[in-house]
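> After the C-alpha cells below, expect a handful of questions from me.
The values are calculated or read from the model by the stated rules, or taken from the named source; none is laboratory data. Note that the coordinates shown come from a computational prediction; the quantities given were computed from them, not determined experimentally. All Cβ positions, glycine included, derive from the backbone under ideal geometry; neighbour counts span all protein chains shown.
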Amino acid sequence: MAVKIEVGAGGVPHNQILIYGLVGSLILIYLTYLNSATNTEYFAFFGGLASVAALVWGADTIKHLCSYGLGTGVPSAGMIALGSGVIAALFGAMTGIFAPIVAIIVAAIIGAVSGLLANHVVRMDIPVMIISLTELAVVGAITVLGLIAMVGGTFDFQNLFGGGSVSLGLVIGSGVIALIFMLAAIAIQHAFNACLGPDEKQDRTLMLAAECGFLSMIPIAVISFAFIAFIPALISLVISIVGWLYTYMRYIELSKRDAYAWLDAKPILEPKGGA
Amino acid sequence: MSALGGPAQTAGFQPPTGMGIAVSIILIIVALALAFFLIQMAGLLALVGIVIGGVLIGFGVHFVPVGGAPAAMGQAPGIATGVAMLAAGAGLAGLFGGAWAAPLGFPLALAGGAIGGGLLMAITCTMVNVIYIFGMGIPSASGKVDKDPITGDTFPEFKSQGTEGHGLPFISWVGGVIGGALGGLGGTLIYLELLEVYQAQVLVSASIAVSLAGVFAIGMFLMNAVLAAYNITGTIEGPHDPKFKRFPRAIIASATASAVAGIFAIALFEVLMVFIESNLMGAL
C-alpha cells in the first residue's frame, strides 16, 4: 500500500538547488586541501560544511523522489543514497587530489545503474527515479568524503600508504566511517521524513536538512579531537555548534510561521492544597 | 503539487523490460571481465561471491514480514517498520556475527553470519508477537491466506473487519527467520570475499582491510535491500504472500547492483597503485 505523501508547491526550483549544492560542496571540499597546501589542519571544518551543502541538496532530491509515493518509506531513499555513496567515496579517496571529482563520477555511475534497475527491472516506473538516485548517490559520496576530510584533515588516502598520515589510517581502521555512514544516512532522510505532508514548505524542509547536517558535524568534530590537532578540532566543534544553534532557531521560527497556532508550553502548576 | 502518481499497484506480475534485462546482462559480463582483467582468477571468484551474496540478500528480504505504518496500528500483519530498517538490523547483526567468526574459517564464518541474522529476526518476531498479543490484545491473523501453510490454523474468524489481518502468524515468523538468515549469509559472504581481496594487498594493514571490507559490505547490503524493498513496494507478509512471487525481478536487480558496486570495491587498490606509480614517475 503506497502512502500518499504530499509536498508543498513553490520555492526555489530543484535544478537551481542542484547546481548550488554540487558546485558549492565541491568548492568547499576542495578548500580542505588548504590543509595540505599550508601544512596545517585549520581548514578541516570545510569538509563538514561541504556535507551540509550536499545534504540540503539531497533533502530536496528526496522530496522530489518521495513525492511519488514509493511505498517503502522515506528512510529507504537515504539508505540507498549512502549505500552507493560510501562505495564511490572510498573509491574516489584513493585517487589523491582528484578524489571529489572521481567520487562524483563513480557515484553517478552506481546511482544511474540503481535507478535503471529500479525502473526497468523492478518496474517502479517512476519518471524521476534514475536522475534522483544518481543525485542521491552523488550527495552520499560528497557527504561521506566531506566528513572524512573533517575528521582526518584530508581526503587524500594515498598518504595513508606512503607512511605519511598516521591519523588517516586510524580514521579508516577504527571504523569511524561506519559512524559517518549512519550519521549522514539519518541526516539526509530525516528532513523530508519529518516535514512531509500537505503543508510542507521547501524552506522549512531545507532548513531542517541543514540543521541535521550541523548536528551530524558535532559528533564528527568531537571525534576529530582524536585525529587532528587540538585547535583545529576546537574550531570545527565551535563552527558546528554555532551552525547548529543558528539553523535550529531558524527552523523553530519557520515552524511557528507555518503552524496554525502554537502553545509555548509551560508546566502546569498544581493548585495549593490539591485539586 | 500533490502525489503525482506512484508505482503501479497492480496485483499481477510485470516482467522486467527487455532493455532492463539486456543492460543487466551486459553490466554483469563487463564487471566480471574487468575483475578478471584486474586481479585474474582471484578477482573473478571474489566478484562471483559478491554477486551471490547480493542475490541472497535480495531474495532474503522477500521472506521478512514487513508491516510498515499500518502494522503499527494493528491493521496489517507484520513487523511495524520499513524494509530498510529491518534488513539493516538483520544484515548488520549477521555481518557482525560473521566478521567475528572470520578468523575461524570460511564455513564457520558463513554459519555465524546466518545464525546472527536469523537470531536477530527470531527475537524481533517473537517480541513483536508478545507486544501484539499481550500488549495490544490482538490475535495473529493473515489477510492474504485462509490457512497457515505450516500449522494449519485458520485465519478468517480471527481477522477484524476492515483490516488486512494483524499480528504475526507462524508462517510469517518462519519467513522472518529464513529472511534474516539469508541476509546475514549474503552480507557475510560479501564481507569475506572483499576481506580476502584486501588482505592479499601488501600495503594494507589488517585493521584497514577489515574496516574497508565491512563498510563496503554494509553499503552493498543496503543497496540490495532497498532495491528488494522497491520490488515488494513496501509491505509483505512473508513467503505465503502473493507479492513473494515477484522475487525473480529482485534477483536480477541485486545481481547487477552487486556486480557494479563490487567491481569498484575490488578495483580499489589497483587504482591506488596506478596513482602511486604515476606520482613516483612524476617525482623521478
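> Might you check whether a residue that is of a type in the set (Lys, Arg), in a helix (DSSP H, G or I) and either touching a residue at least 12 places away in the same chain (Cβ under 8 Å) or surrounded by fewer than 20 Cβ atoms within 10 Å (Cβ to Cβ) (or both) occurs anywhere in the range A:178-201?
Initially, the range A:178-201 is screened for residues of a type in the set (Lys, Arg), giving A:201.
Applying the additional criterion that residues be in a helix (DSSP H, G or I) yields none.
Checked against the condition, which is being of a type in the set (Lys, Arg), in a helix (DSSP H, G or I) and either touching a residue at least 12 places away in the same chain (Cβ under 8 Å) or surrounded by fewer than 20 Cβ atoms within 10 Å (Cβ to Cβ) (or both), the range A:178-201 yields no hits at all.
> Any idea which residue in the range A:91-115 is nearest to B:Ile251 (Cα to Cα), counting only those that are surrounded by 24 or more Cβ atoms within 10 Å (Cβ to Cβ) and within 7 Å of chain B (Cβ to nearest Cβ)?
Checking each candidate, the answer is A:Ser114.
> Can you confirm whether B:Ala88 is at pLDDT below 85 and outside any loop (DSSP other than H, G, I, E, B)? It would help to see each step written out before you state the result.
On the way: at pLDDT below 85: yes; outside any loop (DSSP other than H, G, I, E, B): yes.
Criteria met by B:Ala88.
> Moving on to the next point. Determine if the range A:16-37 includes at least one residue that is over 23 Å from B:Val61 (Cα atoms), in contact with a Leu (Cβ under 7 Å, 6 or more places away or on another chain) and not aliphatic (A, V, I, L, M). Outline the logic, then answer.
We begin by selecting, within the range A:16-37, every residue over 23 Å from B:Val61 (Cα atoms); these are A:16-37.
Next cut, in contact with a Leu (Cβ under 7 Å, 6 or more places away or on another chain) only: A:28-29.
Filter once more, keeping what is not aliphatic (A, V, I, L, M): none.
Checked the range A:16-37: no residue is over 23 Å from B:Val61 (Cα atoms), in contact with a Leu (Cβ under 7 Å, 6 or more places away or on another chain) and not aliphatic (A, V, I, L, M).
> Of all residues in the range B:26-71, how many are without any contact (Cβ under 8 Å) to a residue 40 or more places away in the chain, β-branched (Val, Ile, Thr) and closer than 29 Å to B:Ala181 by Cβ?
The qualifying residues number 1.
> Mind checking which residues of the range B:191-233 are surrounded by fewer than 24 Cβ atoms within 10 Å (Cβ to Cβ), more than 19 Å from B:Gly97 (Cα to Cα) and under 17 Å from the mean Cα position of the chain (by Cα)?
Result: B:Ile232, B:Thr233.
> Quick test of your reading of the structure: B:Ile178 fulfils all but one of (1) in contact with a helix residue (DSSP H, G or I) (Cβ under 6 Å, 6 or more places away or on another chain); (2) touching a residue at least 24 places away in the same chain (Cβ under 8 Å). Name the failing condition by number.
So the condition that B:Ile178 fails would be (1).
> A:Ile228 fails exactly one of the following numbered conditions: (1) within 18 Å of A:Leu49 (Cβ to Cβ); (2) modelled with pLDDT of 90 or more; (3) of a type outside the set (D, E, K, R). What is the number of that condition?
If we test A:Ile228 against (1) within 18 Å of A:Leu49 (Cβ to Cβ); (2) modelled with pLDDT of 90 or more; (3) of a type outside the set (D, E, K, R), just (2) comes out false.
> Here's a follow-up. Only one of these is under 27 Å from B:Pro149 (Cβ atoms) and either within 9 Å of chain A (Cβ to nearest Cβ) or part of a helix (DSSP H, G or I) (or both): B:Ala209, B:Ala250. Name it.
On the way: B:Ala209 fails: under 27 Å from B:Pro149 (Cβ atoms).
Result: B:Ala250 is the single residue among B:Ala209, B:Ala250 that is under 27 Å from B:Pro149 (Cβ atoms) and either within 9 Å of chain A (Cβ to nearest Cβ) or part of a helix (DSSP H, G or I) (or both).
> If you don't mind, there's one more thing I want to ask. Going through A:Ile231, A:Ile241, A:Ile252, A:Ile223 one at a time, which residue ends up being touching a residue at least 40 places away in the same chain (Cβ under 8 Å), of a type in the set (Val, Ile, Thr) and over 15 Å from A:Leu183 (Cβ atoms)? First the steps, then the outcome.
On the way: A:Ile241 fails: touching a residue at least 40 places away in the same chain (Cβ under 8 Å); A:Ile252 fails: touching a residue at least 40 places away in the same chain (Cβ under 8 Å); A:Ile223 fails: over 15 Å from A:Leu183 (Cβ atoms).
Going through A:Ile231, A:Ile241, A:Ile252, A:Ile223 in turn, just one is touching a residue at least 40 places away in the same chain (Cβ under 8 Å), of a type in the set (Val, Ile, Thr) and over 15 Å from A:Leu183 (Cβ atoms): A:Ile231.
> Let me ask you something else. In the range A:121-155, how many residues are surrounded by fewer than 24 Cβ atoms within 10 Å (Cβ to Cβ) and assigned to a helix (DSSP H, G or I)?
Residues flagged as surrounded by fewer than 24 Cβ atoms within 10 Å (Cβ to Cβ) and assigned to a helix (DSSP H, G or I) within the range A:121-155 amount to 4.
> Give the residues of the range B:219-236 that are in a helix (DSSP H, G or I) and either among the hydrophobic types (A, V, I, L, M, F, W, C) or more than 7 Å from every other protein chain (Cβ to nearest Cβ) (or both), sorted by residue number. Step through it out loud before you land on a result.
We begin by selecting, within the range B:219-236, every residue in a helix (DSSP H, G or I); these are B:219-231.
Answer for the range B:219-236, where residues must be in a helix (DSSP H, G or I) and either among the hydrophobic types (A, V, I, L, M, F, W, C) or more than 7 Å from every other protein chain (Cβ to nearest Cβ) (or both): B:Met220, B:Phe221, B:Leu222, B:Met223, B:Asn224, B:Ala225, B:Val226, B:Leu227, B:Ala228, B:Ala229.
> Could you tell me whether A:Gly85 is within 9 Å of another protein chain (Cβ to nearest Cβ) and either in contact (Cβ under 8 Å) with a residue 12 or more places away in the chain or in contact with a Leu (Cβ under 9 Å, 6 or more places away or on another chain) (or both)?
Numbers: within 9 Å of another protein chain (Cβ to nearest Cβ): yes; either in contact (Cβ under 8 Å) with a residue 12 or more places away in the chain or in contact with a Leu (Cβ under 9 Å, 6 or more places away or on another chain) (or both): yes.
Spelling it out, A:Gly85 is indeed within 9 Å of another protein chain (Cβ to nearest Cβ) and either in contact (Cβ under 8 Å) with a residue 12 or more places away in the chain or in contact with a Leu (Cβ under 9 Å, 6 or more places away or on another chain) (or both).
> For the range A:223-246, what are the residues that are closer than 19 Å to A:Ala185 by Cα and surrounded by fewer than 22 Cβ atoms within 10 Å (Cβ to Cβ)?
Result: A:Ile223, A:Trp244.
> Just checking, which of B:Thr151, B:Thr188, B:Thr126 is outside any helix (DSSP H, G or I), among the hydroxyl-bearing types (Ser, Thr, Tyr) and either in contact (Cβ under 8 Å) with a residue 60 or more places away in the chain or surrounded by fewer than 16 Cβ atoms within 10 Å (Cβ to Cβ) (or both)? Steps first, answer last, please.
Details: B:Thr188 fails: outside any helix (DSSP H, G or I); B:Thr126 fails: outside any helix (DSSP H, G or I).
None of the others qualify; the one that does is B:Thr151.
> When you look at B:Phe275, is it in a helix (DSSP H, G or I) and more than 7 Å from every other protein chain (Cβ to nearest Cβ), yes or no? Give the steps one after another, and end with the answer.
On the way: in a helix (DSSP H, G or I): yes; more than 7 Å from every other protein chain (Cβ to nearest Cβ): no.
So B:Phe275 does not fit the description; no.
> Checking the condition among the aliphatic types (A, V, I, L, M) and in contact with a strand residue (DSSP E or B) (Cβ under 8 Å, 6 or more places away or on another chain), which residue from B:Ile276, B:Ile236 passes?
Details: B:Ile276 fails: in contact with a strand residue (DSSP E or B) (Cβ under 8 Å, 6 or more places away or on another chain).
From the options B:Ile276, B:Ile236, the qualifying one is B:Ile236.
> Among the candidates B:Pro16, B:Pro65, single out the residue that is modelled with pLDDT under 85 and of a type outside the set (A, V, I, L, M, F, W, C). It would help to see each step written out before you state the result.
Details: B:Pro65 fails: modelled with pLDDT under 85.
Being modelled with pLDDT under 85 and of a type outside the set (A, V, I, L, M, F, W, C) holds for just one of B:Pro16, B:Pro65, which is B:Pro16.
> Somewhere in the range A:41-63, is a residue at the interface with chain B (Cβ under 8 Å from one of its Cβ atoms), surrounded by 23 or more Cβ atoms within 10 Å (Cβ to Cβ) and modelled with pLDDT under 90?
no
> Shifting gears a bit: Restricting to the range B:72-95, name every residue that is farther than 15 Å from A:Ser76 by Cβ and within 11 Å of chain A (Cβ to nearest Cβ).
B:Gln75, B:Ala76, B:Leu92, B:Leu95, listed by residue number.
> Could you please find all residues in the range B:58-85 being surrounded by fewer than 24 Cβ atoms within 10 Å (Cβ to Cβ) and in a helix (DSSP H, G or I)?
Answer for the range B:58-85, where residues must be surrounded by fewer than 24 Cβ atoms within 10 Å (Cβ to Cβ) and in a helix (DSSP H, G or I): B:Phe59, B:Gly68, B:Ala69, B:Pro70, B:Ala72, B:Met85.
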